[in-house]
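Have a look at the structure below, then the notes.
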Amino acid sequence: MRHVAKLLAASAFAALMTTPVLAQTPKDTIVMAKQIDDIISLDPAEAFEFSGVEVGANVYDKLMGVDLKNNNALVGELAQSWTVSPDNLTYTFKLRPGVKFHSGNPLTAADVVYSFQRAVTLNKSPGFILAQFGFTKDNVLEKVKATDDTTLVVTVSKPYAPTFFLNCLTSGVASIVDSKLVKANEKDGDFGNAWLKLNSAGSGAYKVRAYRPNEQYALEANEAWYKGAPKNKRVIVRHVAEPASQRLLLEKGDVDIARNLSKDQLAAVKTNANIEIVQGDKGYILYLGLNQKNPNLAKPEVREALKYLVDYDSIERNIVEGTYKGHESFLPKGFLGAIDDKPYKFDPAKAKELLAKAGLPNGFTVTMDTRSVNPITDIAQAIQSNWAQAGVKLELIPGDGKQTLTKYRARTHDIYIGQWGPDYLDPHTNAETFAINEDNGEEAKSKTLAWRNAWDIPAMTKITQAAVLETSADKRKAEYEGLQREHQKVSPFVIMFQQIEVSADRKGVSGWAIGPSSDTNFYAPIAKN
Amino acid sequence: MASLREKWAGRSVRWGRIAGRELSTVAITMFGLLLVTFLIARVIPIDPVLAVVGDNARPDVYEKARLDLGLDKPLWQQFAIYIGKVFSGDLGTSVLTAQLVTEDIKRVFPATLELATLGTLIGVSLGIPLGVLAAVNQGRWPDQIARVIGLFGYSIPVFWLGLMGLLLFYAKLGWVGGPGRIGVAWQDFVTPVTGVLLIDAAMQGEWEAFWDGFSHLILPSAVLGLFSLAYVSRMTRSFMITELQQQYVIAARVKGMSEARVIWHHALRNAVVPLVTVIALSYAHLLEGSVLTETIFAWPGLGRYITNALLNADMNAVLGGTLVIGAVFIGVNLLSDIFARLADPRAR
């Protein structure tokens, strides 16, 4: 007993003797605090969540990219040049010569073929972005061919708009992997999937040095990158779930960039002279989905009334300021064909009139499935009180994210409040989900957001499907603009906000810019002085 | 000689029987634990496929993932398959981390172990003296103060205390390290062997990394320690009050022993036996991992791992984590039983 007591006393004493440890982050290393527990895979053919895609964007190169400074215009990356056949079916890419993978292997057209083949064959979540052009695991080697080391010929199934196909090549799933290295790590014909979940085989700005799920990933600069060596030697991203902890780490200088500060913390660090705020428009749309299986919500007047019943301005000002901004159409700003029209303002009188027309002068009762997370809960509560002003009694059903989503996907909700993020940088991604519903039956093959809300729209489906074959970029743009204006009037979607991603960094950190998608959050230009 | 051998043989048979009985109790407990966890995790209305493929996946991708997870089979078959694998030592792969559950646990459990152990040490080393002090001064001001501390430790929300602690000791005073297990500058200096950072650092002679790790560890353990302290001090107080009313205490005093000897040597020694059970349970409770503490302090421990798995219906991870917690509870209970037998002559 006496020895135990001594030991306890010694440990208590040691606790009091803790020396202050205040290491600033190393000069050539960028340290980020971020919520990264959404990563399920680092394999570019599989990663489809924000953080996983962001890693891929910094580790792999693609044939095509977008110029963030020039309104996301298409630019060639690994593709030095390309031509499209007159019938819009065949694309010929000339690859940049002399590019090498991290392993030292040269990057050739054969690697591109292998990368596309594995993405289509594995057919993981983002696989459809390539597969929608008619590639299947059986025909992909005929449709995607290397004619020599630097020439690639791709044949698509329909005369799609070239902008559509090329935009899809900027997405993470079209990343080029090191075929020799991946083949060496294949197991049971898995195309190296198990290995690539945790490792990297790219040619990009960084290679993955260490990844520990839910804890951190460390990237090491590729000095031989074809665009020039990154401005830093290493990037370490640590999982810090709690935004308040992220703020403390940033203020103390233990991290250089904090990625998930909430509205209150942003307001607090704004006054700190050592901290700067960096913003970027993100493609995420915050909306309400009104299930058309509910007889009240199926009435056109009710749908319109509810759009007049959201106090957009007050919610933006009081709840989401600096993190969301008002946006009422399905294409986010920055996309081809995006419009800025905001036809709806908070107008309870007008809403009451419309409800009376629908035969519901005293309103009705309806439920909304609400994720128990901010700002969703706060917004839902604000809407609840807005709607009460016209007699619509809204009951909120709280739940965890996956729980509300499971219900939404089964179409058993009344109203769902949620976010939608575009899958790739082309207007078709959102147009497809918000304005196509090929089959409104329970066993439908394609279950878009329109389907989830049981919105049966054969005519609009045809118009949306035609827009993807429009080869003239100007005409295509006009088609999407018209489609959205019609959609705003009739759809069962109350589109409210577009997300602004905000991060805060230490003074002295330069070059950090937030792109329109996770595919475009690049670490290479970040420097510290 | 022969009789002696027979005697030995008899004894080992008896021990074998006891061990066998204990083992089957453990096996049945574990089986029940798994069954209940499995059923609970399967009835919660969360689609496990979403964790694998995300919300935007196409129907064919979704269907393939569902089949890969074996979710098309009836519940009892899914459970039978799982149990069969557990017996061959395979806890499966977590869909969230894409790693073997055993690998995941090897990574997260030592982090929790470190936190819980230091927390319990703090709780015990301060809680027992505080409890004794309160018992001896029953009803007077030291007792009142101890009561307030106990109440404080028990009722202050951990997330508030953790954040305030960080604000004061990390942000303002700079005495301790911030959220995370070790500073970025030191993270590659220690190769994980046991996974317990302080032990690994000490073994490898990386003393600066050791102190950096310690400076990150002390605040979250103090937060957990306060909780443990509150519990231990209240229990110590009540055990001590019972002991101090016993006749042997009066006898010792009558014999003219010093008050200090009566309290610390005689009474406390008798209170230790039930106290160990209390401490063991509170230690086991901390070993489950504390979700809130781990979240605030960015601590990659077991609590957050299991919670995250549960929220995503990541079955293998949930069941694997539950097994570990079950084993910890049974193990800690067993140890405290053994200790009680050794400490109490009547139980020998």
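Derivation of every value follows stated rules applied to the coordinates shown; laboratory data play no part. This one's a predicted model, so the numbers in the text were calculated from it and none came from an experiment. Neighbour counts are summed over all protein chains in view; Cβ atoms, including those assigned to glycine, are modelled from backbone coordinates with ideal geometry.
Some observations on this one:
- Farthest positive-ward along chain A dipole, Cα basis, beta-carbon charges - from A:266, A:185, A:417: A:266
- Peptide A:400-413 - average C-beta neighbours from other chains (10 Å radius): 4
- Compactness relative to 2.2 N^0.38 Å, alpha carbon Rg of region A:253-333: 1.52
- In units of the compact-protein estimate 2.2 N^0.38 Å, region A:469-529 shows a Cα radius of gyration of 1.78.
- Helical contribution to [θ] at 222 nm, DSSP H n ≥ 4, -39,500 (n - 2.57), averaged over the protein assembly as shown, rounded to 500: -15000 deg cm²/dmol
- In this Cβ point-charge picture (+1 for Lys and Arg, -1 for Asp and Glu), region A:61-193 has a dipole of about 120 debye about its Cα centre.
- Region A:34-102 - Debye-derived log10 I(q)/I(0), Cα point model, q = 0.18, 0.26 Å⁻¹: -0.89, -1.10
- When Rg and the Kirkwood radius Rh are both evaluated on Cα atoms of region A:383-529, their ratio Rg/Rh stands at 1.05.
- For region A:61-193, the mean projected area of the C-alpha convex hull, equal to one quarter of the hull surface, is 8.3 nm².
- Average beta carbon contacts from partner chains per residue of B:163-171, 10 Å cutoff: 3
- Potential lengthening of the chain between residue A:71 and residue A:271 amounts to 68.9 nm, from the contour at 0.36 nm per residue minus the alpha-carbon distance.
- In summary, the convex hull built on the alpha carbon positions of region A:284-501 has an orientation-averaged projected area of 11.3 nm².
- Full-stretch length increase - residue B:27, residue B:73 - with 0.36 nm per residue and alpha-carbon distance subtracted: 14.0 nm
- FRET E, pair residue A:110, residue B:164, Förster distance 56 Å, beta-carbon r, rounded to 0.05: 0.40
- Short to long, the 20 Å bins of the Cα pair-distance histogram for the protein assembly as shown hold 13, 40, 33, 12, 3, 0 percent of all pairs.
- Structural descriptor for chain B: relative contact order 26 percent, calculated from alpha carbon pairs under 8 angstrom and at least 6 residues apart.
- Each of residue B:80 and residue B:342 was given a label point 7 Å from its Cα along the Cα-to-Cβ line. The distance between the two points is 4.5 nm.
- In summary, the helical segments of chain B meeting the span-like criteria, namely a full DSSP H run, a Cα extent along the axis of 24 angstrom or more and a mean Kyte-Doolittle hydropathy of at least 0.5, are B:2-43, B:101-136, B:207-244, B:268-287, B:315-343.
- The slack in the chain from residue A:349 to residue A:475, taken as 0.36 nm per residue of separation less the alpha-carbon distance, amounts to 41.5 nm.
- Antiparallel bridge percentage (DSSP; both residues within chain A; nearest 5): 75 percent
- Taking 13 Å as the cut-off, the amide N atoms of region A:76-112 that come nearer than this to a point 7 Å along the Cα-to-beta-carbon line of residue A:183 belong to A:106, A:108-112.
- Relative contact order computed over region A:103-227 (Cα-Cα under 8 Å; 6+ residues apart), in percent: 22 percent
- Put a dot 7 Å past the Cα of residue A:385, heading toward its Cβ, do the same for residue A:137, and the two dots end up 5.5 nm apart.
- Once the C-beta distance of residue A:357 and residue B:333 is scaled by a Förster radius of 60 Å, the resulting FRET efficiency is 0.30 to the nearest 0.05.
- Peptide A:236-242 has a mean of 6 when you count, residue by residue, the C-beta atoms of other protein chains within 10 Å of its C-beta.
- Prolate/oblate/rounded label for region B:166-324 (Cα gyration tensor, a/c 1.5): prolate
- Between residue B:277 and residue A:83, the simple spin-label model (points 7 angstrom out along Cα→Cβ) gives 8.8 nm.
- Taking the convex hull of the alpha carbon positions in region A:158-253 and averaging its projected area over all directions gives 10.1 nm².
- Estimated translational diffusion coefficient (Stokes-Einstein, Kirkwood radius over Cα pairs, 37 °C, 0.692 mPa s) of chain B: 140 µm² per second.
- From most to least packed by mean Cβ count within 10 Å, the peptides A:454-467, A:305-318, A:170-183 give A:170-183, A:305-318, A:454-467.
- Rg/Rh for region A:232-284, where both radii come from Cα atoms and Rh is the Kirkwood radius: 0.97
- The Cα center of region B:18-38 and the Cα center of region B:128-178 differ in position by 38 Å.
- Part-to-part distance (alpha-carbon centres) for region A:161-191 and region A:456-529, which is given in Å: 23 Å
- Dipole magnitude for chain A: about 980 debye, using +1 per Lys or Arg Cβ and -1 per Asp or Glu Cβ, origin at the Cα centre.
- Prolate/oblate/rounded call for region A:241-400, Cα gyration tensor, a/c under 1.5 rounded: prolate
- Relative contact order for chain A, counting Cα pairs under 8 Å that sit 6 or more residues apart, in percent: 20 percent
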